[in-house]
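Derivation of every value follows stated rules applied to the coordinates shown; laboratory data play no part. Source: prediction; values computed, not measured. When we count neighbours, we look across all protein chains shown, and the Cβ atoms used for this are built from the backbone with ideal geometry, even at glycine.
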Amino acid sequence: MSLTSQPEPTQRQQSDKVPKLLFDEKNIAAPSTVFSFSPNRDTLGGTAYLIVEEVNILIDCPAWNDTNQHFLEQQGGVQWLMLTHRGAIGKVKEIQQTFGCNVLIQEQEAYLLPGLTVTAFHQRFELTSQSRAIWTAGHSPGSSCLHYGGFGGILFSGRHLLPTPQGAVMPIKTAKTFHWLRQLQNLQKLVDEFTPATLRYLCPGANIGFLRGKTSIDEAYQHLLKINAAIANPSLK
């Protein structure tokens, strides 16, 4: 399956758009807030997210501009910056220098951040009682997802799982995919890790234009089961 490219946002579009609130807090009881940022040209159209609670967690790098910096300052800064894969690095140095945040990345890609203070993990890492990083190699050697327990459970999937033009959620094989079979195998890890009660939403790290205006994917666990069924089709492999 090939990755369909989308037009890159212009620098003016990046500067003008403020992060979007993902959930209507009036309808969903949760002691936190989650925002999504506009696609970032520095990370090939990647989407970053911010979990605002007692410890603020930034997932991947948003465009580093005045609008986003001011927004992060208004939310209380950043305590953790979790990178889901090497392609999401962006302006890590500037973000850490501004907020003094911890930077988390899977150990096989930590060498890409020389001179920075980095926390490297192997299989998984607990950022807070509600948040943990999970190694899901395949897209890249250190590709990882972050699970947040609020709102019924959210999986921030980086580029491990992405929306397709047809509205499905799938792993996407590209010319730069590190290990396709390992990426498929790590889907089973996620199926075993969660249940419908612990995984309601999926927030992908790219291709959000295919969500047709939505900011997240509901019934995430059911989507994982559908992916597993599709993997049984030899054409995907």
So, relative contact order of region 11-231 in percent, Cα under 8 Å, 6 or more apart, is 14
Among (i) 1.07; (ii) 0.94; (iii) 1.12, find the value of Cα Rg over 2.2 N^0.38 Å that was calculated from the structure presented, and write down its label. (ii)
³J(HN,Hα) across region 213-225 via Karplus (A = 6.51, B = -1.76, C = 1.60, θ = phi - 60°), whole Hz, x for Gly/Pro? x, 7, 10, 7, 10, 7, 6, 4, 5, 5, 5, 4, 5
In whole Hz, with x marking every Gly and Pro, tabulate ³J(HN,Hα) for region 41-48 from phi via Karplus 6.51 cos²θ - 1.76 cosθ + 1.60, θ = phi - 60°. 4, 5, 10, 6, x, x, 10, 9
Fewest-first ordering of T174, T47 by Cβ atoms within 10 Å yields T174, T47
Just to check I understand the Karplus step: with θ = phi - 60° and J = 6.51 cos²θ - 1.76 cosθ + 1.60, what whole-Hz values come out for region 156-171, glycine and proline as x? 8, 9, x, 9, 5, 10, 9, x, 10, x, 7, x, 8, 10, 8, x
Two-site FRET efficiency, V18 against A232, from Cβ-Cβ distance with R₀ of 30 Å, rounded to 0.05: 0.10
What's the extension gain from Q69 to E54 if we count 0.36 nm per residue and subtract their Cα-Cα distance? 3.5 nm
So for region 110-221, using the alpha carbon gyration tensor with a ≥ b ≥ c as root eigenvalues (a/c under 1.5 gives rounded; past that, a/b versus b/c decides prolate or oblate), I'd call it oblate
Starting from the 7 Å offset along Cα-to-Cβ, what nm value, one decimal, do you get for the label separation of S129 and D218? 2.9
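Which value, in debye to the nearest 20, gives the size of the charge dipole of region 11-231 about its Cα centre, when Lys and Arg are +1 and Asp and Glu are -1 at the Cβ? Provide the component values of the computation, followed by the final result.
Numbers: 19 positive and 17 negative charges, 148 e Å.
In total the dipole reaches around 720 debye.
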Using the structure shown, list the pairs from K93/K226; K91/K214; K20/K189; K17/K93; K20/K176; K17/K176 with a Cα-Cα distance above 28 Å, or answer none. K93/K226; K20/K189; K20/K176; K17/K176
Would you mind checking the tilt of helix 180-193 against the longest principal axis of the Cα atoms of the chain, expressed as 0 to 90 degrees and rounded to 10? 80
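Just want the ordering: Y201, Y49, from fewest to most Cβ atoms lying within 10 Å of their own Cβ.
Result, fewest neighbours first: Y201, Y49.
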Inter-probe distance in nm under a simple model that places probes 7 Å from Cα toward Cβ, at K93 and E107: 2.6
